[in-house]
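Following: one structure in structure tokens, then a few remarks.
The values are calculated or read from the model by the stated rules, or taken from the named source; none is laboratory data. Quick caveat: nothing in here was measured; it's all calculated off a predicted structure. Here the Cβ positions follow ideal geometry from the backbone for every residue, glycine too, while neighbour counts run over all protein chains shown.
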Amino acid sequence: MSQLNIHNTQHFKLDNIVFLKNADFRRTVSEDLQAGKRMIALCPVDRNDRSKIIAVFADSSTSMITVTGCDFANGPYELESFADKFPQTNFFECELAESHGFSLLNHPWQRPVRKQTVINGSTPYKFFGITGDEIHEVAVGPIHAGVIEPGHFRFQCHGELVYNLEINLGYQHRGIEELIIKANAIRRIILNESIAGDTVMGHMSAHCNAIESLCNITPGLRAQIIRSIGEEIERIAMHIGCLSGIANDVGFALAANSYGRIRTIMINSLGLICGSRFGRGLFNYGGVKFDIDEITMKTLLANMRSVKSDIAQINALMFSSVGALSRFENTGNVSFSDASSTGLVGIAARSCDIKTDTRVNFPYGAYRYSHLSMMTMLTGDVFARAKIRSLEIDESFRYVIEQLENLPEGSISVDHGDLAAGKAVISMTEGFRGEIVHIAITDKSGNLMQYKIKDPSFNNWYGLSLALRNTAISDFPLCNKSFDLSYAGHDL
Amino acid sequence: MLDVLKIRILQGDPIVHDVRKNGTSPLYRGFPLISDAKCLAGCKECANICPVNAISLDPVSIDLGKCVFCPECEKACPQKKISFSRNYIMSSTTRNGLIVKNGMSSITPEKASEKIRKYFGRSLKLRQVSAGGCSGCELELNACGNINFDMGRFGIEFAASPRHSDGIVITGPITKNMAEATQICYDAVPDPKIIILTGACAISGGIFQNSTEIDRSFLDKHKIDLYVPGCPPNPLTFVTAVLNWLDRK
């Protein structure tokens, strides 16, 4: 048995990973990719020692996670790229090369992930270019027109049409993985809340599940359900925020402002539970820090019911407006085959009919007991990415109201001990953008030696590039908003 | 048409009419109060537990420029000396002004100079620079302009270009990768111009203060006009900070 098969958040001994020779590793990983598994991580087991790396794959059809190790102890630190045949590994390989000095052999498109200078030294990265009559290049960013995070976009256009868009990020890189390894428990929590300020619940859920697994504890049912309520309220709020942005980008002010108003009610509901409008401070190792009492429960339920009824009317207005629909439909298309070969996740994938939702495929926490339906759309355009959000909002409301009405009694927190030594865990959750992966590995004395984070934006930024092909550059803001990706989550 | 009117009526009256006197959720953690309670001999619980080293002892003080309002210190103190109030009005024109000591119940900034108030008192356009922010501060700054908080009614707005702005609002600890862009953006703003630091990360580095990936030299070179603490600051904290500073009603 050269591979390790585990479940989401199931801890395992580091010794159980078989570290293969380079050629065997290559063959095994190729087989996984051939079988249609999706890469979710490619990193060393020790952040400061690159001699042993793991490739981690998720298989939605079996709900299993596969870990394959490779031993580079005798060098050379060269990795034969899989990206030519399997584009989904492309960016993971770039990341491994940039962070740990691996050279990639036969890599089709090595580019900076977060640090411009590592691969190319002082020569700036050269973007793809095209030449010819009426060809022009547009460079935007890092600072954009609005209150938004920084990133650089390079468009190659022929008239209005975009031939190619390259996205160059890393401006938000603040070394969060390194800080997490060095931090104590309380700092770790604050750091994880700050991976992406709009996905506090999603990342905290992944983080707490990972740490709790390594401590061998399980929070009580009440705590797990409160967590999932937090996650779903976050999902509803951020989806509404995105719909507001989409409406704004097509000049539909009434819808934009109406969505904006109800988003406030949703994030205030999170504030009601834990004091922070983004849920900071709610999660703790072993459970949650705040319980939902009678009065809070009443207000929460009232908020949920009123927003649920309001949004139905606002959605009806927006999705029946001919003006809005004509901008949404057939704009920024991504095909099923492109989306699956490049490994898109979450909303971006489901809008192309890829059936992937961590809550369904790799259930964790309260989602193991109470299920949500997976929403998918066929067309892969702006319309699909907008409509799917409205469907998920409805489903999340159903879930939240049901859970609030049936919240079981019980303790909201259990004590946690120390991290087990020499163990590892892979924790996946579904943030509002898509699949979040946290990998925690401890050394022989029980300290973290690797903490790897994958935000869904890491997979999905390339989806935006694909969506822009043969799309008018004037539709970029609309396409960008329909993906609604995180810079901070990508840059870490 | 009727549907449109229906949605308009649904909006109701969502605006916060008095930005200085709005209720907050019962659990909201705002300005921390430090009571007269005596510390136990040798007790360092609050300072030890603080994830961002915001607390100094003898006497106990909290640096709001670092504080992430987590409330670990409140829980850790055996004497209940520290408690977070629901007061969201806090900002300062000086870094030292953010240090909360025993007996203080709020901090308000000094008034801006007469020149600044004359230039920007009725219309202030700001360019926001996210320099490593997690997007928490960005979300709240965006919310300042929505129909609930409607900062635009005071003539305060975020502009798309630094060329159209009167100053910059920095969020995030200023990463190495954003250091140059932050400087270029500031240079592009016409004089006279102001700098506002928003959130613990921008003011002190916050939870990222020990990161090797940040470069805060920009802040050494320029005078900061206003500090708005929080993690992230509530929209009303930001709105009232600017209004108080400009001496506006």
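Here are the numbers:
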| quantity | calculated |
| --- | --- |
| Selected residue [touching a residue at least 60 places away in the same chain (Cβ under 8 Å) and over 23 Å from residue B:70 (Cβ atoms)] from A:233, A:225, A:217, A:292 | A:225 |
| Subset of the stretch B:184-217 (residues that are more than 14 Å from chain A (Cβ to nearest Cβ) and not polar (S, T, N, Q)) | B:190, B:191, B:192, B:193, B:194, B:195, B:197, B:203 |
| Top-ranked residue in the stretch B:85-134 [being of a type in the set (D, E, K, R) and under 26 Å from residue A:143 (Cα atoms); ranked as surrounded by the most Cβ atoms within 10 Å (Cβ to Cβ)] | B:127 |
| Condition met for residue B:106 (farther than 30 Å from residue A:490 by Cα and touching a Leu at 6+ places or on another chain (Cβ under 6 Å)) | no |
| Residue in the stretch A:117-135 that is at pLDDT 90 or above and away from chain B (no Cβ under 13 Å) present | yes |
| Residue within the stretch B:135-149 that is farther than 30 Å from residue A:196 by Cα and either within 14 Å of chain A (Cβ to nearest Cβ) or touching a residue at least 12 places away in the same chain (Cβ under 8 Å) (or both) present | no |
| Whichever residue in the stretch A:438-467 is surrounded by fewer than 24 Cβ atoms within 10 Å (Cβ to Cβ) and over 24 Å from residue A:12 (Cβ atoms) and, among such residues, is farthest from the other protein chains (Cβ to nearest Cβ) | A:466 |
| Scan of the stretch B:11-60 for residues that are within 9 Å of another protein chain (Cβ to nearest Cβ) and either touching a Ser or Thr at 6+ places or on another chain (Cβ under 7 Å) or polar (S, T, N, Q) (or both), ordered by number | B:11, B:24, B:25 |
| Within the stretch A:242-268, tally of residues that are within 11 Å of chain B (Cβ to nearest Cβ) and within 23 Å of residue B:9 (Cβ to Cβ) | 17 |
| Check on residue A:453, in contact with a Leu (Cβ under 7 Å, 6 or more places away or on another chain), within 21 Å of residue A:185 (Cα to Cα), modelled with pLDDT of 95 or more and not in a loop (DSSP other than H, G, I, E, B) | yes |
| Any chance residue A:273 is over 26 Å from residue A:147 (Cα atoms) and either more than 25 Å from the chain's Cα centre (by Cα) or of a type in the set (A, V, I, L, M) (or both) | yes |
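Residues checked against (1) of a type in the set (Ser, Thr, Tyr); (2) surrounded by 17 or more Cβ atoms within 10 Å (Cβ to Cβ); (3) under 22 Å from residue A:85 (Cα atoms); (4) under 19 Å from the mean Cα position of the chain (by Cα):
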{"position": "A:328", "(1), (2), (3), (4)": "no, yes, no, no"}
{"position": "A:331", "(1), (2), (3), (4)": "yes, yes, no, no"}
{"position": "A:340", "(1), (2), (3), (4)": "yes, yes, yes, yes"}
{"position": "A:347", "(1), (2), (3), (4)": "no, yes, no, yes"}
{"position": "A:367", "(1), (2), (3), (4)": "yes, yes, no, yes"}
{"position": "A:370", "(1), (2), (3), (4)": "yes, no, no, no"}
{"position": "A:375", "(1), (2), (3), (4)": "no, yes, no, yes"}
{"position": "A:381", "(1), (2), (3), (4)": "no, yes, no, no"}
{"position": "A:388", "(1), (2), (3), (4)": "no, yes, no, yes"}
